[in-house]
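Inspection log for the structure reproduced underneath, given as structure tokens.
The values are calculated or read from the model by the stated rules, or taken from the named source; none is laboratory data. This is a predicted model, so every value here is computed, not measured. Cβ placement follows ideal geometry from the backbone for every residue including glycine, while neighbour counts extend to all protein chains displayed. Calculation scope for accessible area: heavy atoms of the full protein, side chains included, ligands and nucleic acids excluded. Shrake-Rupley method; radii C 1.70, N 1.55, O 1.52, S 1.80 Å.
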Amino acid sequence: MLGIIGLLIWNVSAACFCYYRLHRRKRQFDSRYAATITSTATMGITLVLGMHVTVLVSAGLSLVFLVNLLLGAAVGALFGSLFKYREILAGLYNGLVGVLMGAMIGEVLKNPQICSIPIADHTQLLLNMYQLCGFATLLFTVVIGLVLYSIKG
Amino acid sequence: MRDLSFVLILYSNLALFALLYVYVRRRRKLISIHLGMNISMALGGLVGLSTGIFLILQYPFHFTAITMAAALTGMGAGALFGALFDYQAMLTGLINGMMMGLMAPMLGAILTDPYFFTVILEVFIFLIIAVLFAAVKRS
């Protein structure tokens, strides 16, 4: 589990870095560009963060979903509030969708029997978890890089 | 022949999407940016969805590898369709393909009647393609 905590710290720091860079350049976006940036960044960040948080928290299902929904709403409202009210709406919607998907992926990784995936061994379960979390972190880094690359151009 | 039926369906679907790419590429000067954004969203999601579902129905023991392959395929397809228009359409298609590709193997693993679901999915894919043809022709 220590590796997944490390990946979570990397993801949170990448999200904070993205927020900081967007906050510094927020005057130069027009409205369509702001909507695109908000929906893309929010959906990527909440998908990956929800997946990691669900894997790490070992509580009941409804408590995990409550924590994840609060996290998604907070991230969406935070990224949307860089711009106008339309972007807050888009950010909230995309954050809630992304966090629900991420929570489902995390639940399946914790307990593959609910999807009838034939993995029973504990070490194989842990290996599966590490592989998919690492892959999601890689994709997230690519998405954040593309979002930040689009600011300069 | 029966053993590889899902892979053959997937192959025909991907060939259909490649033909559709050529069609959209020929008419990309006529398509406005909002329609381009929606085209990249819908087709990136469809490519990721069909890849994930048909691969997990064919090989049910390789969940991790299939999730990675479906996410990469969806991202690549969304980015290719979006790159015909502009950078924002590329970002939208990329994130939708990634989400659909990560979700689709999970959906395929819980299915109990795969043939019925395959028929319904193909009907919806053809419906979406018909709507897309109408939208491109109207614009």
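Being within 14 Å of chain A (Cβ to nearest Cβ) and of a type in the set (Val, Ile, Thr) is a property that B:THR73 has. Scan the range A:59-68 and give yes if some residue there is of a type outside the set (Gly, Ala, Ser), under 23 Å from A:LEU146 (Cβ atoms) and open to solvent by 20 Å² or more (accessible area, probe 1.4 Å), otherwise no. The answer is no, given that none of the residues of the range A:59-68 is of a type outside the set (Gly, Ala, Ser), under 23 Å from A:LEU146 (Cβ atoms) and open to solvent by 20 Å² or more (accessible area, probe 1.4 Å). Within the range A:27-46, residues that are within 9 Å of chain B (Cβ to nearest Cβ) reach partners that are outside any helix (DSSP H, G or I) and open to solvent by less than 30 Å² (accessible area, probe 1.4 Å) with beta carbons closer than 7 Å, at six or more positions or on different chains, in the pairs A:ILE37/A:PHE29. All conditions in (1) more than 20 Å from B:ARG138 (Cβ to Cβ); (2) within 13 Å of chain A (Cβ to nearest Cβ); (3) without any contact (Cβ under 8 Å) to a residue 40 or more places away in the chain; (4) surrounded by fewer than 19 Cβ atoms within 10 Å (Cβ to Cβ) hold for B:HIS34, with the sole exception of (1).
Residue-by-condition table, conditions (1) open to solvent by 30 Å² or more (accessible area, probe 1.4 Å); (2) part of a loop (DSSP other than H, G, I, E, B); (3) modelled with pLDDT under 90; (4) on the phi > 0 side of the Ramachandran plot:
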residue	(1), (2), (3), (4)
B:LEU102	no, no, yes, no
B:PRO105	no, no, yes, no
B:PHE117	yes, no, yes, no
B:PHE126	yes, no, no, no
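Looking only at the range B:75-92, residues that are among the hydroxyl-bearing types (Ser, Thr, Tyr) and open to solvent by less than 40 Å² (accessible area, probe 1.4 Å) come to 1 in all. Can you spot a residue in the range B:39-61 that is over 11 Å from the mean Cα position of the chain (by Cα), within 14 Å of another protein chain (Cβ to nearest Cβ), open to solvent by 30 Å² or more (accessible area, probe 1.4 Å) and without any contact (Cβ under 8 Å) to a residue 40 or more places away in the chain? Checking the range B:39-61: at least one residue is over 11 Å from the mean Cα position of the chain (by Cα), within 14 Å of another protein chain (Cβ to nearest Cβ), open to solvent by 30 Å² or more (accessible area, probe 1.4 Å) and without any contact (Cβ under 8 Å) to a residue 40 or more places away in the chain.
In the range B:128-139, which residue that is open to solvent by 20 Å² or more (accessible area, probe 1.4 Å) and not basic (Lys, Arg) is farthest from A:GLN113 (Cα to Cα)? Of everything passing the filter in the range B:128-139, B:SER139 is farthest from A:GLN113 (Cα to Cα).
Among the residues of the range A:81-93, at least one is within 14 Å of chain B (Cβ to nearest Cβ), within 15 Å of the chain's Cα centre (by Cα), crowded, with 23+ Cβ neighbours inside 10 Å and closer than 23 Å to B:MET75 by Cα.
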